[in-house]
Amino acid sequence: MKPLYDVVIVGGGNAAICAAFEARHAGASVLVIEAATPFMRAGNSRHTRNVRYMHIGDAGAMVGTYTEDEFYADLLQVTGGETDEDLARFTIRQSASLAEWMPAHGIKWQSALKGTLQLARTNAFFLGGGKALINTYYETAAKMGIEVIYESPVVDVTMRDGMEHPHTLHMDTKDGPKTVDAKAIVVASGGFEANLEWLGLYWGEAANNFFIRGTPYNTGKMLRIFLDKGAKAVGNEREFHAVAVDARAPQFDGGIVTRLDTVPFSIAVNKYGKRFSDEGVDIWPKRYAVWGGLIARQDDQIAYSIMDSKAANTFMPSAFPAMKANSVHELAKMLGLDPEAVVETVTEYNNHVVPGGTFDLTKLDDCRTEGLEIEKTHWAQTIDTPPFIGYPLRPGITFTYYGLGVNECAQVLDQQNKPLPNIYAAGEVMSGNILGRGYMAGFGMTIGSVWGRIAGREAAQNALR
Ligand SMILES: Cc1cc2nc3c(=O)[nH]c(=O)nc-3n(C[C@H](O)[C@H](O)[C@H](O)COP(=O)(O)OP(=O)(O)OC[C@H]3O[C@@H](n4cnc5c(N)ncnc54)[C@H](O)[C@@H]3O)c2cc1C
């Protein structure tokens, strides 16, 4: 490690490496500082599978056309309008070059599988998944002369003008505190979802029962540092994206395999054995993100998905085996629930399933209940055919929305919308500028790739000026 770099990038995920590539292409000396170990490098990016980009005609792994307007309409739908139209459309337009830029840096696309035609037009999958993407990117980075140091979380920044007086980054390395100077800094350190104490400010004790689907290293330290230095905050600090995950999963870093998509084909009960929300509102991918938040609001942040053998093959296979029993009573006992309460709930539900519906996974079907306080509006089938099946569910947090405000050059803004001197941000730490609510598959990698590239390029140009 040298004492001074043109560009220092904090974080080791997709946004960081994309920034590093562009800064290096522009001729800057580049250091990437990663809090994690080499094995755990690249935060939540290691868990990803695909990226979304606009394209006119077949491009990269994608077929057909996905226009700016259609992409933006999809974004509006998931965010309910909580986005900045200029930045969002800018991101979408910039995403078009990813079809070629990513393979130019080593990524191989996985050709679309049969039956995923819908996704093949909007989402490009990486061959080998996020881990392969990251390993490839790190190899490319090494060849380009980008330096990386691991296990060195940045714990403070002395901010100066960045040019004549470089910034100083303070790290907490395994060999003790160290510093390095930078003419420009790119903050690409993810959200703060792994910081249960911070989440606890809004959720109290409940936060200790949240499961964090991704890296334990995204503690929001850099976000906190720059907010304390007067950076403008964007996004709702209380909100996060969360899905239902298997309660038997590890509390951190379970990745994609712990997600459970069982809810629409089951009834979901809380720790008292009572239903608490319409399980049949919609199906994956539109509704699945709602269940994380609903479970987070239940006592002890736990829920249980209960169904019978008719529903056994309607959802994606689970990482942990289903709990199975020959009676609802026995299943409730296995799940640690009051059997009488669960039997009563199931009986009441069964008595209100409207007979004669045609179960159909491919649409909002006509299988529903009538007369319950909380109806199930689709895919409602009686629970009466053994074996009975259950899964314990926890809220699995994917990412937080709260972040640093930026302009079109990825410069971090202060509260008067003036750029902080030579401080840039990319990826999850600034995604709240574009994604104020909801989520759209593949868009996290779009934001990281597009804004990483902009931040790296701009940081290098300024540092070398
Ligand atoms: C299970 C799962 C599956 C997902 N699947 C997809 C998908 O298929 N497609 C998609 O588009 N999105 C997906 N996402 C979202 C996606 O992972 C993120 O949007 C994206 O990876 C964010 O990239 P990033 O570089 O901003 O952050 P990250 O990849 O999380 O990287 C942040 C990095 O910062 C480091 N860091 C944190 N604090 C410090 C510090 N103080 N000092 C130094 N380093 C620090 C961390 O160690 C980490 O390496 C998924 C998320 C999860 C959890």
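No value in this document is a laboratory result; all are computed from the given coordinates. These numbers were taken from a predicted model, which means no experiment stands behind them. Virtual Cβ from ideal backbone geometry, glycine too; neighbours counted across all protein chains shown.
If you average the C-alpha positions of the range 379-428 and of the range 61-93 separately, how far apart do those two centres end up, in angstrom?
The range 379-428 and the range 61-93 have Cα centres separated by 17 Å.
Among His329, Val342, Tyr202, pick out the residue whose Cα is farthest towards the positive end of the charge dipole of the chain, where Lys and Arg carry +1 and Asp and Glu carry -1 on C-beta, about the Cα centre.
Checking the options against the dipole of the chain, the answer is Tyr202.
Along the charge dipole of the chain, pointing to its positive end and built from +1/-1 on Cβ of Lys, Arg, Asp and Glu, which listed residue (Asn50, Ala104, Ala233) has its Cα farthest out?
Value: Ala104.
Taking the Cβ of each residue in Val243, Val269 as the centre, tally the other Cβ atoms inside 10 Å and list the residues starting with the fewest.
Least to most surrounded, the residues fall as Val269, Val243.
Give the angle, between 0 and 90 degrees and rounded to the nearest 10, that separates the Cα long axis of helix 443-464 from the longest principal axis of the Cα atoms of the chain.
In the chain, helix 443-464 runs at an angle near 10 degrees to the longest axis.
Explain nothing, just the number: dipole magnitude of the chain about its Cα centre with +1 on each Lys and Arg Cβ and -1 on each Asp and Glu Cβ, in debye rounded to the nearest 20.
Value, rounded to 20: 1220 debye.
Taking Cα pairs under 8 Å and at least six residues apart, what relative contact order does the chain come out at, in percent?
24
Of all trypsin sites (Lys or Arg not before Pro) in the range 74-141, which ones are in loop regions per DSSP and have a Cβ with at most 16 other Cβ atoms within 10 Å?
Within the range 74-141, the qualifying trypsin sites (Lys or Arg not before Pro) (loop, at most 16 other Cβ atoms within 10 Å) are Lys108, Lys114.
Which of the chymotrypsin sites (Phe, Trp or Tyr not before Pro) found in the range 188-246 are loop residues per DSSP with 16 or fewer other Cβ atoms within 10 Å of their Cβ?
none
At 7 Å along Cα-to-Cβ for each site, give me the label-to-label distance between Asp58 and Lys363 in nm.
The modelled label-to-label distance comes out at 3.1 nm.
Counting other Cβ atoms within 10 Å, which trypsin sites (Lys or Arg not before Pro) in the range 135-199 have at most 13 and lie in a DSSP loop?
Listed in order of number, the matching sites are Lys174.
By a straight-distance test (C-alpha under 20 Å), which lysines pair with Lys232 as possible cross-link partners, with residues fewer than eight away in the same chain excluded?
Partners within reach: Lys221, Lys418.
For the Cα atoms of the chain, what angle does the longest principal axis make with the long axis of helix 68-79, in degrees from 0 to 90, nearest 10?
60
Tally Lys/Arg at +1 and Asp/Glu at -1 over every other residue whose Cβ is under 14 Å from the Cβ of Ala319; what's the total?
+1
Can you spot the lysines whose alpha carbon is less than 21 Å from Lys271's alpha carbon? Ignore those fewer than 8 places along the same chain.
Lys324, Lys333, Lys376
At most 13 other C-beta atoms within 10 Å and a DSSP loop state: those are the exposed GluC sites (Glu not before Pro) I care about. Give me the longest piece of the chain that has none.
It runs 165-369.
For the range 241-396, what are Rg and Dmax over the alpha carbons, in angstrom?
Gyration radius and largest Cα-Cα distance of the range 241-396: 14.2, 44 Å.
Which lysines, on any chain, are close to Lys143 with Cα under 24 Å apart, when same-chain ones fewer than 8 places away are left out?
Straight-distance partners of Lys143: Lys2, Lys108, Lys131, Lys183.
I'd like the projected area of the chain, averaged over all directions, using the convex hull of its alpha carbons. Report it in nm² with one decimal.
The number I arrive at for the chain is 22.1 nm².
Pairing the Cα long axis of helix 85-95 with the longest principal axis of the chain, what angle in degrees results, from 0 to 90 and rounded to the nearest 10?
It is inclined by approximately 80 degrees.
Please report the antiparallel percentage of DSSP beta bridges with both residues in the chain, rounded to the nearest 5.
Among the beta bridges of the chain, antiparallel pairing accounts for roughly 70 percent.
Before rounding to the nearest 500, sum -39500 (n - 2.57) across all DSSP H runs of length at least 4 in the chain and divide by the residue total; then give [θ] at 222 nm in deg cm²/dmol.
Roughly -8500 deg cm²/dmol at 222 nm, from the helical runs in the chain.
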